[in-house]
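Since the structure comes first, as structure tokens, the remarks are kept for the end.
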Amino acid sequence: MYGGLARHPLMTEEAFAVVVCHELGHHLGGAPKKRQSFSIDPLWSSNEGEADYFSSLKCLRKFFTGLNNQDVLREMQVPKEVIAQCLKVFPNIEETLICQRSAMAGFSVGLFLKSFSKVKKEISFSSPEKKRVLFTNNSHPSPQCRLDTYFQAALCDKHFSEELSSKDLNIGACTLKNGDQQGIRPRCWMAKH
């Protein structure tokens, strides 16, 4: 991470935490993995979407636990749909606040990424990416798709201590196979699983 990233006007403390968590997610995020041509183990790194998913699902959740999330959120304009979705999944107030803060951190990163993209459409929690991939995309998804990933991961009710698997997408994550309705890796980068 370059110093200019932290000083960029669109970069918030929460967004910077997402970037740190994303980079850790390449090492700890589990499957799906992406092929690396320069490595002894060509499949060591979680792909870009999975690193994003790990960010909100495990890393931010652990990082924000025990902090005064309520005071931080008072300074933000959290959309009603984020509050409603987080309350629906998490009955515990601390978990609800962490869900909201994680979603807003993902939104900040999405705004930052959009500023460098050619995409004109604004990113939003209420208009998820409509594109569906046939094969898992290992590259960086669109800013909207990345926001969708951060938000879905924030809505997954798996505990941050439950590790993700390097081989099984269903371990430690929310999936249709596990019977989950929310918190699932978005189809804008993840092929049907």
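The values are calculated or read from the model by the stated rules, or taken from the named source; none is laboratory data. As the structure is a computational prediction, the values presented were derived from the model and not from experiment. Heads up, the Cβs are rebuilt from the backbone with ideal geometry, glycines too, and the neighbour counts pull from every protein chain shown.
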Is at least one residue of region 68-80 under 14 Å from R146 (Cβ atoms) and under 17 Å from the mean Cα position of the chain (by Cα)? no
Looking at (1) part of a helix (DSSP H, G or I); (2) surrounded by fewer than 21 Cβ atoms within 10 Å (Cβ to Cβ), can you tell me which one A15 breaks? (2)
S124 farther than 21 Å from A31 by Cα and part of a helix (DSSP H, G or I): no
Is it fair to say D180 is touching a strand residue (DSSP E or B) at 6+ places or on another chain (Cβ under 6 Å), touching a residue at least 12 places away in the same chain (Cβ under 8 Å), in a loop (DSSP other than H, G, I, E, B) and farther than 13 Å from G49 by Cβ? yes
Can you tell which of S102, S55 is out of contact with any Lys or Arg (no Cβ under 8 Å at 6 or more places or on another chain) and at pLDDT 95 or above? S55
Can you find, within region 117-128, the residue that is surrounded by the most Cβ atoms within 10 Å (Cβ to Cβ) among those that are of a type in the set (A, V, I, L, M, F, W, C) and at pLDDT 90 or above? I123
Out of all the residues in region 96-116, which are of a type outside the set (S, T, Y) and surrounded by fewer than 20 Cβ atoms within 10 Å (Cβ to Cβ)? L111, F116
